[in-house]
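The next block holds one structure in the form of structure tokens; read it before the comments.
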Amino acid sequence: MSPTRSSDGSPPTPRRAASPRPAGPPSTESTTPGAGDKTSPQQERPVPAPRDQTDRAHQAERTDQAERTDQAERTDQAGQVDQAGQVDQTGQVDQARQVDQAEQVDQAERTDRAESSVAPPTRGADGPPELAAQFEDEKPGRVLSGPAGLFFGAVALVVGALALWQVLRPLPQGSKYYLILFLAGILPLVFLAYPADLRIRSRLGGRRTRPAGASPVAARPSAARPGGPTVADWALAALALAACLYPVLPIPLGSGGGGYNAFLDRQGLLVPTDLVMGTALLLLLLEACRRTTGWILPVVCLLFLGYGYYGGLLPQSWPVAHAGLDFSQLVDAFYNSDSGFYGTPLDVAASYIVLFTVYGAVLDLSGAGRFFVDLSTAAFRRSRTAAGRTAVASGFLLGTVSGSGAATTVSIGAVTWPVLRRAGYPPERAGGMLAAAGVGAILSPPTLGAAAFIIAEYLGVSYLQVLGWATVPTVLYYLGILLSVEIDARRSGVRPVAVDASSPWRLLARFGYHFASLVVIIVLLAVGVSATRAVVIATVLAAALSFLDRAHRLTPGRLLAALVAGVRGVLAVTAVCAAAGIITATTTKTGLGPQAAALLVDGARAFTTDPAVVLVLTAVLAAVALTLLGLAVPVTASFVIGWVIIGPALLDLGVATPAAAMFVFYFAVLSEASPPTALAAVAAAAVTGGRLVPTMWQTLRYALPAYLTPIAFVITPAGLGLLGIGGPGRIALATVVVALSVAVLAVAAGGWLPGVGRAGVPERLLAAVAGAVLLRLEALPIAIGVGLAVAAVAGVFVRRRSAGRPGGQAGSPVELREVGQ
């Protein structure tokens, strides 16, 4: 979905000053005179001499005071270490204190404030689109201007109008006819908006990590590329238009052509012209995917294509062998069937995703994103955990209108990172928090990711039902992040930061109308209105309500710009969905799905024959396979592949269809938080200037409960309560028990029990085992898990008493530097 954008569109380039701590994006602190002063004695700013002398005197005084305080603290710390018998060495504490002193002096040089406060953000959630585009697979890589830009905008408006027309008055020829026209409008725009970029090293995988020491932003080619389409791009766009429109052209072309009905009549009996055009569209889609997502997805598609063609040569005793398909059969399955290019994934992109991206663009231009972040900032104001809570709440609110993890990460990071930095968060820890909150955008109703719409189509249920399934897991996901924020604030000695913001009630009274369109979507879905009509009505309402704010009113020109932006946002996902037809069609024709499912189940049965254990092992193996798959391909393609390959294995073991579908969906989404690619973490590191690998591990730590919670969907029937299926008793029991599991897992990952103190290695191991056992929602495992959790808490109490430290005391600076834990 469309991420929020800033008015100037300039990316916040992370900078590294001479100080040990990297500088982040342009901070809102610099809006106050004196803030952000980075000059050195060799590069003095032209200010009056008395102020220079005063600054130097203040700096010398602060440095001298910090040295005296540091010496006293070292002496006191050494005494405490000797008394408690702890293993921390005085030299290590001294080194950590010196680092902390250097950062305090650096902070004093950067800001000459007497109060610990920051100015309110000037552009709430309007994050920089260029930076978001570098880490977002669904955004074009060129900024088009001149005649090319006008042509692109005109075609995008036609496509957007066609999508709206299909909702209000569907074409009489049927949905496949509409999909052909939609792809004919979108695919040529992909070649105009994305450069060829044949540098394999920079494009391979699309999500590869940067070399050591390189800038995070340099890890991917710049999204805002100068220059327009080349002659080759225009030629490919023209060829794409011809190949897409060929099935509906009413004129004969050689032995083919003749119109839509004639084309359908040749299903299974394609003529040479059909084969040529189908092959051309196959190659063009692979190139479109390469331009938008990198090399991995085209390679995966080619592997499936090769399996379909050469699978007949495999020994027939192998489980994955099949009778073999010739090339004409494959092209027919791709080009002239309902499971190929024009299958369910493309139907979802053309019917749902394009409308929701237009809706997101309208909300963005109407100021909703800015309001959501401003509201989060005002709600928490000044407290030790206010900075972290603001980041998490901003991610959740923006996630309600954006289905993009990386773009949401950039949007909230550009605004909240200065606040997190002032609070004392290291760049890596702050980046992990921002990335985990951003990934939640794909899990947050009512605007889930594209895969959620595919679930509704595959399972033949309403989109509202999918939203209901996602509600409790989303709450548990953000519960885990909030608990981690609370633990970090107490363990790491985070400072309170006062944010000069308006009253949240005043903001709600003035701009609360931005929630109206979200509520309308839910209400309309509840009364039986289709998701497509509901989002169109919500878009019209959001555009009308924009006139309540003079700065963001949607004039006809801005409304057309929102429509174009929505179409731009669906380019890459359309290419991915169309290419996913290669995978689904090959799987259907060869029967690979049931065969691969049997292999997965047989692998679990190789360890045991107990049905319950087999189900658990299968779920674990499926989770690992889905996570590895998600590292290479986008979320949408990961879900499609996972559903046709891994879904049957879960269904064969008796797992309910909704549970299996949501299991695959969640692990496909969590690939954005999984090292070593972790797209959202890469985006967060670009915002904070932190080291990439530690930022990824911090993201994994914050999102850890989300990796285990989906397993509860499938390993017991009671897990359906997490999806809102079953009576109130089942739903309440599943929610409470898994919430306890999330809590103890947060303690295990963070190493701190709020209100008590530090958790040692034994307590953390007990908490981790307790959290895993509690996921099996049966009486005996729940009793064992609760017992282990109580033992872990008791161990923390004993540790606190033996150490003689009061509960909840802030950790030492050494703990603040433990970024990798």
Picked from segment 783-821 (must be at pLDDT 90 or above and under 32 Å from the mean Cα position of the chain (by Cα)), the residue farthest from Gln698 (Cα to Cα) is Gly785
Note: among Val320, Val299, just one is open to solvent by 60 Å² or more (accessible area, probe 1.4 Å) and within 24 Å of Val633 (Cα to Cα), namely Val299
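Taking Thr416, is it under 20 Å from the mean Cα position of the chain (by Cα), surrounded by 23 or more Cβ atoms within 10 Å (Cβ to Cβ) and without any contact (Cβ under 8 Å) to a residue 60 or more places away in the chain? Working first, answer last.
Details: under 20 Å from the mean Cα position of the chain (by Cα): yes; surrounded by 23 or more Cβ atoms within 10 Å (Cβ to Cβ): yes; without any contact (Cβ under 8 Å) to a residue 60 or more places away in the chain: yes.
Taking the combined requirement at face value, the residue satisfies it.
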So, first residue free of Cβ contacts under 8 Å to residues at least 60 places away in the same chain in segment 751-766, second residue assigned to a strand (DSSP E or B), Cβ within less than 8 Å, six or more apart or across chains; the pairs are Ala759/Trp752; Ala759/Leu753; Glu763/Leu753
Inset, instruction - Could you tell me whether any residue of segment 453-469 is among the hydroxyl-bearing types (Ser, Thr, Tyr) and touching a Gly at 6+ places or on another chain (Cβ under 8 Å)? - result: no
Requiring at least 1 residues that are touching a Lys or Arg at 6+ places or on another chain (Cβ under 7 Å), the helices (runs of 4 or more DSSP H) wholly within segment 248-367 are 272-293, 296-310, 327-335, 354-365
Within segment 593-606, the count of residues that are under 21 Å from Gly311 (Cα atoms), free of Cβ contacts under 8 Å to residues at least 60 places away in the same chain and open to solvent by less than 30 Å² (accessible area, probe 1.4 Å) comes to 2
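Would you mind stating whether Ala748 is farther than 17 Å from Tyr666 by Cβ and open to solvent by less than 20 Å² (accessible area, probe 1.4 Å)?
Considered against the rule, which asks whether it is farther than 17 Å from Tyr666 by Cβ and open to solvent by less than 20 Å² (accessible area, probe 1.4 Å), Ala748 comes out as yes.
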Val682 meets each of (1) in contact (Cβ under 8 Å) with a residue 60 or more places away in the chain; (2) open to solvent by 20 Å² or more (accessible area, probe 1.4 Å) with one exception, condition (2)
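If you go through segment 436-459 one residue at a time, how many are assigned to a helix (DSSP H, G or I) and under 17 Å from Ala668 (Cβ atoms)? Reasoning before the result, please.
Let us first name the residues in segment 436-459 that are assigned to a helix (DSSP H, G or I), namely 436-442, 450-459.
From what's left, under 17 Å from Ala668 (Cβ atoms): 436, 438-442, 450-459.
Result for segment 436-459: 16.
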Expected output for segment 607-633 (first residue over 15 Å from Tyr707 (Cα atoms), partner open to solvent by less than 30 Å² (accessible area, probe 1.4 Å) and not in a helix (DSSP H, G or I), Cβ below 6 Å, 6+ apart or cross-chain) is none
So, first residue under 24 Å from Thr627 (Cα atoms) and polar (S, T, N, Q) in segment 711-735, second residue at pLDDT below 90 and part of a helix (DSSP H, G or I), Cβ within less than 9 Å, six or more apart or across chains; the pairs are Thr716/Ala612
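Can you confirm whether Gly449 is closer than 27 Å to Thr735 by Cβ and either of a type in the set (Gly, Ala, Ser) or touching a Cys at 6+ places or on another chain (Cβ under 8 Å) (or both)?
So Gly449 fits the description; yes.
Considering only residues that are free of Cβ contacts under 8 Å to residues at least 60 places away in the same chain and among the small types (Gly, Ala, Ser), look in segment 162-185 and name the one that is most open to solvent (accessible area, probe 1.4 Å). I'd like the intermediate steps shown before the answer.
First, pick out the residues of segment 162-185 that are free of Cβ contacts under 8 Å to residues at least 60 places away in the same chain: 162, 165, 169-172, 174, 185.
Adding the requirement that they be among the small types (Gly, Ala, Ser) leaves 174, 185.
On the way: Gly174: 27, Gly185: 11 Å².
Going through the qualifying residues, I end up with Gly174.
Would you check if Val714 is buried (at least 24 other Cβ atoms within 10 Å of the Cβ), assigned to a helix (DSSP H, G or I), modelled with pLDDT under 85 and of a type in the set (Val, Ile, Thr)? Outline the logic, then answer.
Numbers: buried (at least 24 other Cβ atoms within 10 Å of the Cβ): yes; assigned to a helix (DSSP H, G or I): yes; modelled with pLDDT under 85: no; of a type in the set (Val, Ile, Thr): yes.
Against the criterion (buried (at least 24 other Cβ atoms within 10 Å of the Cβ), assigned to a helix (DSSP H, G or I), modelled with pLDDT under 85 and of a type in the set (Val, Ile, Thr)), Val714 does not qualify.
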Of (1) assigned to a helix (DSSP H, G or I); (2) modelled with pLDDT of 90 or more; (3) closer than 23 Å to Tyr707 by Cα, Ala749 satisfies every one except (2)
Pro694: passes all of (1) closer than 16 Å to Ala619 by Cα; (2) open to solvent by 10 Å² or more (accessible area, probe 1.4 Å) but (1)
Given the structure, is Ala579 in contact with a helix residue (DSSP H, G or I) (Cβ under 7 Å, 6 or more places away or on another chain), in a helix (DSSP H, G or I) and at pLDDT below 90?
no
So the helices (runs of 4 or more DSSP H) completely within segment 602-671 holding 3 or more residues that are more than 27 Å from Trp318 (Cα to Cα) and modelled with pLDDT of 90 or more are 657-669
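The values are calculated or read from the model by the stated rules, or taken from the named source; none is laboratory data. Being a predicted model, the structure only gives us computed values, none of them experimental. All Cβ positions, even for glycine, are placed from backbone atoms using ideal geometry, and neighbour counts span all protein chains on display. Only protein heavy atoms, including side chains, enter the accessible area calculation; ligands, DNA and RNA are left aside. Shrake-Rupley method; radii C 1.70, N 1.55, O 1.52, S 1.80 Å.
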